[in-house]
Amino acid sequence: MKPCVFIHTNDRQWVGALVAEYALRRNSAHADAFDIRILRREEHPFFLGYEGRRYLRDGDWRVWRNDDLQSFTPLRFLPPEAMGYQGRALVIDPDIFAVGDVWELLSRDMRGKAIWARRRSGWKKRNSWASSVMLLDCAQLTHWRMEADFAELFQGQRDYADWISLRLEPQDSIQLLEDEWNDFDRLTPATKLLHNTRRWTQPWKAGLPVDFVPGDRFSGIPGVTWLMRKRRHWFGDYALLGRYVRHPDRRQERLFFGLLRECVEQGRVAEDLLREEMRRNHIRHDALQLLERTPPLD
């Protein structure tokens, strides 16, 4: 069985997922040695039954919205089941773009660990892992039953924050992954997988209204957690959040639109699709003009 890279997404991040898939193949010398599957939230109808229901997150009750930018995140835990609990899988967010050869990660010795992941940036809790990139030994993860685990959020039996941060896993089953395999908005010569994780500055979103609900907890800032919760309760999930802004690193913007330009030139992404995504406020409205101005990638 070939190793498989899973890109989990929803319609709001569909273009990002297509570019992520292309970058994985483009920048690997072993592109035929692994498979790629895109997991779309819209292709899993069980999510519909949870629309508008309350779930536990950070010790508070939140309302589940299927049209939220991040509604695909529970799909991070589907790959072992999708692989029949066999073989090796890599799961990545749709805003992660390969600039190195992912085969180096897929083919490494996992040293008997079930999961490889990096630490979450800026989190003081020791057992807070970034599950946005996970190398998985599927045979060791037979306890992952994504639909059943997702249902526990709404029963108060599981906290979303603990689930996503891998705090519910045996900590000795997790191996620390080098930061360059999940580089948070940092593009250096060492970067292997660039993650545009700061959602307000994702290069393809600049100028659009913010369409995600940020976390409530802000470590070290007194009163902000209370204020963020009250904002949601008083004004609604997306109120007072403003608009996406341009990424401060222009090289990362050029990288994304350089990859997207190649996708369009090779017929992998149609201009009509981009126009429809602009109409739906999924990508910035000047995307086609940016494609024309972006120089070819090396």
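Of all the residues that make up the stretch 30-53, how many are under 15 Å from Asp67 (Cα atoms), of a type outside the set (A, V, I, L, M) and either in contact (Cβ under 8 Å) with a residue 24 or more places away in the chain or in a helix (DSSP H, G or I) (or both)?
11
Scan the stretch 13-29 and report the pairs whose first residue is on the phi > 0 side of the Ramachandran plot and surrounded by fewer than 20 Cβ atoms within 10 Å (Cβ to Cβ) and whose second residue is outside any helix (DSSP H, G or I) and charged (D, E, K, R), with Cβ atoms within less than 6 Å and a gap of 6+ or a chain change.
Matching pairs, first to second residue: none at all.
Every residue in the stretch 136-156 that is of a type outside the set (Lys, Arg), touching a residue at least 24 places away in the same chain (Cβ under 8 Å) and not in a helix (DSSP H, G or I), please.
Leu136, Asp137, Leu141, Thr142, Trp144, Gly156
Report the residue count in the stretch 246-282 for those that are closer than 23 Å to Arg186 by Cβ, not acidic (Asp, Glu) and not in a helix (DSSP H, G or I).
The total comes to 3.
For the stretch 185-199, does any single residue satisfy the condition of being part of a loop (DSSP other than H, G, I, E, B), under 18 Å from Ala89 (Cβ atoms), touching a residue at least 60 places away in the same chain (Cβ under 8 Å) and among the β-branched types (Val, Ile, Thr)?
No, the stretch 185-199 contains no residue that is part of a loop (DSSP other than H, G, I, E, B), under 18 Å from Ala89 (Cβ atoms), touching a residue at least 60 places away in the same chain (Cβ under 8 Å) and among the β-branched types (Val, Ile, Thr).
Here, each number is a calculation from the coordinates, and none is a lab measurement. Nothing here was measured: the structure is a model prediction, and the numbers come from that model. We place every Cβ from the backbone using ideal geometry, glycine too, and count neighbours over all the protein chains shown.
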